[in-house]
Amino acid sequence: MGCYVNRNEFEYWVTEHLRMSGVYWAVAGLAGLDALDQLPSAPLLEFVDKCYDAQIGGYAGNVGHDVHLLYTLSAVQIAAIYDELDRIDADAVAAYVASLQQADGSFVGDKWGEVDTRFSYCALCTLALLGRLDAIDVDAAVAFVASCRNFDGGFGAVPGAESHAGQVFCCVAALAIGGGMAHVDQDLLGWWLAERQVPIGGLNGRPEKLPDVCYSWWILSATSILDRTHWMDAGKLRDYILSCQDWETGGIADRPGDWVDVFHTFFGIAGLALLGCGGLTLIDPVYALPEAVVLRLGLPRLFSVPPPLAINIE
Ligand code: GRG
Ligand code: ZN
């Protein structure tokens, strides 16, 4: 967490605008290691509170910044992890999220009006965690996400946009939450996702691109929801993720030898758990939260348990 408090570090300033999500990745990563007690929760929850704009009902990426749907989801996820959802004004946040839905069912991320299926996921996930899905037109949200499906079974950011594994996570999880899984061709998409594994074992986000550890999450979350994780070589992917770990700091990078960061560390840990590696807490692939948190909230389990691998993390 040094990069989040030390203003002398380069990392502090390049991550300043997305601090809220940084806190979520760190806290969720610790939860994945069953090590939440390694950080004091009070200052983190105070930070979350300070990023709230009560006039709008949303959360910003940092204190004094503009609110955005992405950071509103991260704030709700952090509160959920700490069993502190009571400190969130659910009515106000639900009204804010609803205000971002467009006539075609899509969502903009903030007042500047960019539409992206990432924001559909953020909206549906935020409201599901708050038990307030009734605040939006879920059927229209599902129809918009379905309209972003491509000939290859994948999904893009907007209708007609290229399939990308990050958007596939957003769309499949959004459809799972919204009850729209009938819009997914599970075999075709499962095939496209399995094709993302490159010979070195890692996963890329679309054809001809380099592998990157974070796709372990974006892809394994989707294959867990589709029950197609067994279509990949789990052992090779496990080895790839571990080859991206820096044994001095413990962090995980996007590729072997690159600089580590909290984003890839969280998604690496979460990916290993979804592969069925022992010794890790499962991160629910729909809500991107520890399984126990999702259970505590009484939300339905919308994915298949990965078959246990005879591969353990030592
Ligand atoms: C709560 C887990 C969670 C997510 C919130 C922000 C968000 C919702 C989802 C982001 C999904 C997404 C689009 C992920 C992709 C991130 C990424 C590695 C983008 C890089 O894309 P390119 O095209 O790189 O720059 P490639 O790998 O294609 O070369
Ligand atoms: Zn990445």
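A few points about this structure:
- The listed residues Thr249, Thr15, Thr117, once ranked by accessible area (1.4 Å probe) with the largest placed first, stand as Thr249, Thr15, Thr117.
- Solvent-accessible heavy-atom area per residue, rounded to whole Å², over the chain at 1.4 Å: 42
- Of the whole protein surface, His68 contributes about 30 Å² of accessible area at a 1.4 Å probe radius.
- Paired Rg and Dmax values of the chain, which use every Cα atom, in angstrom: 18.4, 52
- Our note on the geometry: Cα centres of the stretch 234-290 and the stretch 140-186, 25 Å apart.
- Column: log10 I(q)/I(0), Debye, Cα scatterers of the stretch 170-231, q = 0.15, 0.17, 0.25, 0.29 Å⁻¹: -0.43, -0.54, -1.05, -1.28
- The chain: most fluctuating residue of Ser147, Ser120, Ser106 per GNM, C-alpha cutoff 10 Å: Ser147
- Comparing Val93, Val115, Val14 in a Gaussian network model of the chain where C-alpha atoms under 10 Å apart are linked, the largest mean-square fluctuation is found at Val14.
- Kirkwood-Stokes translational diffusion coefficient of the stretch 1-88, alpha-carbon pairs, 37 °C, 0.692 mPa s, µm²/s: 251
- Low-density loop cleavage sites - GluC sites (Glu not before Pro) in the stretch 1-74, where at most 16 other Cβ are within 10 Å (DSSP): Glu9
- Accessible surface comparison of Arg206, Arg7, probe 1.4 Å, protein chains only, largest first: the order is Arg7, Arg206.
- Projecting the Cα positions of Tyr287, Thr265, Leu203 onto the charge dipole of the stretch 185-314 (unit charges on Cβ atoms of Lys, Arg, Asp and Glu, taken about the Cα centre) puts Tyr287 furthest along the positive direction.
- The stretch 33-136: Cα Rg divided by the 2.2 N^0.38 Å rule of thumb: 1.06
- Kirkwood Rh, Cα atoms: Rg over Rh of the stretch 101-180: 0.94
- Reciprocal mean inverse distance between Cα atoms of the stretch 185-314 - Kirkwood radius, Å: 14.7
- Positive-end residue of Thr249, Val67, His164, charge dipole of the chain with Cβ unit charges: His164
- Of the DSSP H helices in the chain, those whose Cα atoms cover at least 15 Å axially and whose Kyte score averages 1.0 or more: 69-81, 117-130, 165-178, 214-226, 262-274
- Counting only protein heavy atoms and a probe of 1.4 Å, the accessible surface of the chain is 54% carbon and sulfur.
- Trypsin sites (Lys or Arg not before Pro) restricted to DSSP loop in the stretch 61-161 with at most 16 other C-beta within 10 Å: Lys111
- Assuming charge only on the beta carbon of Lys and Arg (+1) and of Asp and Glu (-1), the dipole of the chain about its Cα centre is about 340 debye to the nearest 20.
The values are calculated or read from the model by the stated rules, or taken from the named source; none is laboratory data. Remember, it's a predicted structure, so these values are computed and weren't measured experimentally. Neighbour counts run over all protein chains shown; Cβ positions are idealised from the backbone, glycine included. Ligands, DNA and RNA are stripped out before the accessible areas are found, and what is left, the full protein with its side chains, is counted by its heavy atoms. Shrake-Rupley method; radii C 1.70, N 1.55, O 1.52, S 1.80 Å.
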